[in-house]
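Peer 1: Got a structure for you, questions after.
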Amino acid sequence: MKEAEPTIEFAPVVLTLQRGQRVTVRAIRPDDRERLQSAVRALSEESRYLRFMGVLRELSPQLLELALHPRVGRELQLAAVVGEGAEETIVAGARYSSEAGSTDCEFAIAVTDEWHGFGLARRLLELLMQSASRHGFARMEGYILASNTRMLGLARRLGFVAVESSEDPAVRKVRCDLTRRAGRSGESGDRSVAR
Ligand SMILES: CC(C)(COP(=O)(O)OP(=O)(O)OC[C@H]1O[C@@H](n2cnc3c(N)ncnc32)[C@H](O)[C@@H]1OP(=O)(O)O)[C@@H](O)C(=O)NCCC(=O)NCCS
């Protein structure tokens, strides 16, 4: 058990993706309401289904509020953005969350379709893992549809293993021991700049 649950802060990071695109990753803000809904609407139906495991066109008011106001010490919600000011657009989102007092956390990621295949999800998951490790979480878990081979492969390459789950057989549960990853070369933390 953690003794305290410190605020999960995240200093913005500028990433350079595989084709040289620059994307800023920052913590979500309450004023991201429209940007976030636009990003969810911009996902293809398939991507929305893979992310939310259900059919939806946009976030419900409750889900939107939860996303815009992460629980202190228990959640981190990141937005990957391009453009500035009124032109700023969310192109991907990534989050982890935990139950009070638990050292386990759960991740989820979605990248808008036109940004697929440039390594953004990989970078976002690495950032989530670094942050969670730094904030005292011991394990990160994810629930991924069995058909989502891209996400399953990415998770495996970042050190996640499939674990037994008595839940829906169409869903794979994956887990990574963050304590074993600590100190691995290449990990530089939230404030790291683009590689
Ligand atoms: C799964 C998802 C997050 C991957 O995002 P991404 O930014 O395209 O992923 P990356 O570019 O980091 O690539 C991840 C892996 O998928 C592979 N990949 C990416 N795009 C691909 C494509 N179009 N065809 C085949 N493989 C592809 C990459 O080769 C990479 O493998 P690597 O780790 O060996 O390099 C994205 O497809 C998505 O948002 N899907 C819908 C939501 C979802 O499935 N979320 C996961 C539930 S938590």
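Peer 1: Which whole-Hz couplings ³J(HN,Hα) result when phi for each residue of the stretch 54-63 is put into the Karplus expression 6.51 cos²θ - 1.76 cosθ + 1.60, θ = phi - 60°, listed in order with x for Gly and Pro?
Peer 2: After applying 6.51 cos²θ - 1.76 cosθ + 1.60, I find x, 9, 8, 9, 8, 6, 5, x, 5, 5 Hz.
Peer 1: Round to a whole number: what % of the accessible area of the chain belongs to carbon and sulfur, probe 1.4 Å? Before the final figure, lay out the partial values.
Peer 2: Details: 5200 of 10430 Å².
Accessible surface attributable to carbon and sulfur in the chain totals 50 percent.
Peer 1: Using modelled backbone amide H atoms (1.01 Å from N, in-plane), which distant-in-sequence or interchain residues come within less than 5 Å of residue 91's amide H?
Peer 2: Excluding prolines and chain starts, which carry no amide H, the hits are 80, 81, 82.
Peer 1: Taking 41 Å as R0, compute the FRET efficiency from the Cβ-Cβ separation of residue 164 and residue 31 and round it to 0.05.
Peer 2: Values: r = 42 Å, r/R0 = 1.02.
For R0 = 41 Å, the calculated efficiency reads 0.45.
Peer 1: Out of 121, 162, 92, any idea which swings most in a Gaussian network model of the chain, alpha carbons joined below 10 Å?
Peer 2: 162
Peer 1: Whole-Hz ³J(HN,Hα) for each residue in the stretch 47-52, computed from phi via Karplus 6.51 cos²θ - 1.76 cosθ + 1.60 with θ = phi - 60°, x for glycine and proline: what do you get?
Peer 2: Along the stretch 47-52, the couplings run 5, 5, 5, 5, 6, 9 Hz.
Peer 1: For the chain, with a Gaussian network of springs between Cα atoms less than 10 Å apart, report the residue from 66, 76, 36 with the top mean-square fluctuation.
Peer 2: 66
Peer 1: Sort all Cα-Cα distances of the chain into consecutive 10 angstrom bins from zero, then give the percent of pairs in each bin up to the one containing the longest distance.
Peer 2: 9, 37, 41, 14, 0
Peer 1: Between residue 82 and residue 49, what length comes free when the chain is fully extended (0.36 nm per residue of separation minus the Cα-Cα distance, one decimal in nm)?
Peer 2: Working: separation 33, 0.36 × 33 = 11.88 nm, distance 2.41 nm.
Stretched fully, the residue 82-residue 49 segment lengthens by 9.5 nm.
Peer 1: How large is ³J(HN,Hα) for each residue in the stretch 103-118, as worked out from phi by the Karplus curve 6.51 cos²θ - 1.76 cosθ + 1.60 (θ = phi - 60°), to whole Hz, x for Gly and Pro?
Peer 2: Each residue of the stretch 103-118 in turn: 9, 9, 9, 10, 9, 8, 9, 9, 10, 5, 4, 6, 9, 5, x, 10 Hz.
Peer 1: Percent relative contact order of the stretch 13-138, based on C-alpha pairs within less than 8 angstrom and at least six residues apart?
Peer 2: Numbers: 183 pairs, mean separation 30.0, N = 126.
That works out to 24 percent.
Peer 1: Sticking with this one: Place a +1 charge on the Cβ of each Lys and Arg in the chain and a -1 charge on the Cβ of each Asp and Glu, then give the dipole magnitude about the Cα centre in debye, rounded to the nearest 20. Walk me through the numbers before you get to the answer.
Peer 2: Working: 29 positive and 27 negative charges, 149 e Å.
Computed about the Cα centre, the dipole is about 720 debye.
Peer 1: Accessible area per residue, 1.4 Å probe, Å², for the chain: what's the number? Display every interim value, and only then the final one.
Peer 2: Details: 10430 Å² over 195 residues.
Ligands and nucleic acids excluded, the result is 54 Å² per residue.
The values are calculated or read from the model by the stated rules, or taken from the named source; none is laboratory data. This is a predicted model, so every value here is computed, not measured. No Cβ is skipped: glycine too gets one built from the backbone with ideal geometry, and neighbour counts run over all protein chains shown. In case anyone asks, the SASA skips ligands and DNA or RNA and just uses the protein heavy atoms, side chains included. Shrake-Rupley method; radii C 1.70, N 1.55, O 1.52, S 1.80 Å.
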